[in-house]
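The values are calculated or read from the model by the stated rules, or taken from the named source; none is laboratory data. Model, not experiment: these values are computed from the prediction. All Cβ positions, glycine included, derive from the backbone under ideal geometry; neighbour counts span all protein chains shown.
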Amino acid sequence: MKFQSFKEVEQYLGALPFVPRFRGSERLDYARQVLHNLGDPQDAAPMIHIAGTSGKGSTAYYAAQLLYASDYTVGTIVSPHVTSVAERTQINGRLLDEDEYCQHFSAFVTQLTRINTELTYIEFLTVFSYWLFARLAVDYMVIEVGIGGRLDTTNVSDRPDKVAVITDVGFDHTELLGNTLTEIAGEKAGIIVEGGSVVMHSQSSEIMAVIRRVVRDKKAALLVEDTVIDATASLPSYQVRNSSLALAAVNRRLSLDGRPAVASEAVNQALQCVIPGRFEGITIQEVPALLDAAHNPQKIHAFVEAYQQMYPNIPCIIVAAFGENKSSSVAESLAILRGVSNHLVVTEFSVEGKQLDSIDRTIFASMATDEGYDVIASRASPHDAIAVAVPWAREHNAMILVTGSFYLISAVRPSLRRIVG
């Protein structure tokens, strides 16, 4: 089978089963078997494996850039993607161009058809990514967990030299991971391997107790990193935290391999990277704007703190939509978000081919009103919502903040990136 475009790739992936063939540990066993039939590509290069509730995507981007700036080739898995499916499988911190990506994807599908497999969208892309990294003989792999850690489809390598990273742990996906920080931390700690390394910032006592127990049981090494990165780049406070953790993880990785630590010039180069949908600054019709997929209270709090730090005297208007799976936490998120503005345009989204929609904008507007917001408008289309926000922001010398869900950012970012001024 030959693919000619990202659109054809998306159509193929969209037709894959939504429900996994197996559940729990059997799902990982199945993924390992498929990978074994492909030559065990998940073990082809040393790995940095990143789990956590907040910051794992940014930490993955920074780690990949730090390795690339140090003259290593690196394959990176991130999820979800914001604009293109190719974001999920990156080489040297960049997307492959469409022709090259499609050539590799076609070769992979051809090889996969020779073995009897039934993979979901996420399983397929995970296996494809590992296969591609081995095919291109990368020096390192930087792998972001999708959800959780212990049972995530990326958690298929038991190399004892694996460096696990645990970013800030909080409440998200509680229907899958548990209702307490102890339970959630236990799921995140599931990426720690026997004899491996764990790098993290100091967190609450209950979280640290879980990590230390797993580290002891696995005879692993725990490195608690609380040094702030020394760089010339101007970053919001939470990205200072994420990039500092990425640097510690990369230096641990290089140390294990007998290689020198990241040089200061490489650090400064790496921190210039643009991370899609994370405090991403653009302009819309000459109005300054930020795209930030802060979709749970912990992420919203980090964003508000960063906005107050970076733009202390600039008002903003919020364009927001949250997924239905955030219904239990959206009131708390809205309350925290009022720390930057009480002016809001509500919108909604739907995700074709996935069992996920946004909270109905009428319900969302009512919740926002209850939280004290001035709901400027309600629009079904995210683009129409932004069109309402632009003249308001211009009149009030304000910024536009688009936030609430990766799917919202994904819906608007491609066109916004084309019209920036």
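Miscellaneous remarks
- Inter-residue pairs, beta-carbon under 8 Å, first in a loop (DSSP other than H, G, I, E, B) and in the range 245-260, second surrounded by 20 or more Cβ atoms within 10 Å (Cβ to Cβ) and at pLDDT 95 or above, 6+ apart: Pro260/Leu254
- Residues that are under 19 Å from Phe108 (Cα atoms) and of a type in the set (Lys, Arg), drawn from the range 37-94: Arg88
So that you can scan it fast, the table gives a plain yes or no per residue for (1) within 30 Å of Val19 (Cβ to Cβ); (2) assigned to a helix (DSSP H, G or I); (3) of a type outside the set (Val, Ile, Thr); (4) at pLDDT below 95:
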| site | (1), (2), (3), (4) |
| --- | --- |
| Ile336 | no, yes, no, no |
| Asn397 | no, no, yes, no |
| Val412 | yes, yes, no, yes |
| Arg418 | no, yes, yes, yes |
| Gly421 | no, no, yes, yes |
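- In the range 80-102, the residues that are more than 21 Å from Ala45 (Cβ to Cβ), over 18 Å from the mean Cα position of the chain (by Cα) and surrounded by fewer than 18 Cβ atoms within 10 Å (Cβ to Cβ): Asp97, Glu98, Asp99
- Options Ala321, Ala294: the member that is closer than 21 Å to Thr83 by Cβ, in contact (Cβ under 8 Å) with a residue 40 or more places away in the chain, in contact with a Gly (Cβ under 6 Å, 6 or more places away or on another chain) and buried (at least 23 other Cβ atoms within 10 Å of the Cβ): Ala321
- Close contacts from the range 85-112, counting a first residue that is without any contact (Cβ under 8 Å) to a residue 12 or more places away in the chain and a second that is acidic (Asp, Glu), with Cβ to Cβ under 7 Å and a gap of 6+ residues or different chains, come to Leu95/Glu87.
- Count of residues meeting criterion [surrounded by fewer than 17 Cβ atoms within 10 Å (Cβ to Cβ), among the small types (Gly, Ala, Ser), over 22 Å from Glu286 (Cα atoms) and within 27 Å of the chain's Cα centre (by Cα)] in the range 354-402: 1
- Failed item, numbered, when Arg32 is tested on (1) exposed (fewer than 15 other Cβ atoms within 10 Å of the Cβ); (2) charged (D, E, K, R); (3) under 27 Å from Asp161 (Cβ atoms): (1)
- Tyr72 being in a loop (DSSP other than H, G, I, E, B), at negative phi and more than 13 Å from the chain's Cα centre (by Cα): yes
Residue-wise test of (1) under 30 Å from Asp99 (Cβ atoms); (2) in contact with a strand residue (DSSP E or B) (Cβ under 7 Å, 6 or more places away or on another chain).
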position	(1), (2)
Phe3	yes, no
Pro46	yes, yes
Ala51	no, yes
Ser54	no, yes
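Here's the yes/no breakdown for (1) within 30 Å of Arg252 (Cβ to Cβ); (2) part of a loop (DSSP other than H, G, I, E, B); (3) more than 25 Å from the chain's Cα centre (by Cα):
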| site | (1), (2), (3) |
| --- | --- |
| Phe3 | no, yes, yes |
| Lys7 | no, no, no |
| Gln11 | no, no, no |
| Leu16 | no, yes, no |
| Arg27 | yes, no, no |
| Tyr30 | no, no, no |
| His36 | yes, no, yes |
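- When restricted to residues that are of a type outside the set (Phe, Trp, Tyr) and not in a loop (DSSP other than H, G, I, E, B), the range 38-69 contains 20.
- Of the residues examined, Glu175 is one that is at pLDDT below 95 and more than 21 Å from Glu8 (Cα to Cα).
- Residue pairs whose Cβ atoms lie under 7 Å apart, separated by 6 or more positions or on different chains, with the first residue in the range 299-313 and more than 21 Å from Lys56 (Cβ to Cβ) and in contact (Cβ under 8 Å) with a residue 40 or more places away in the chain and the second in a helix (DSSP H, G or I) and not acidic (Asp, Glu), are Gln309/Ser237.
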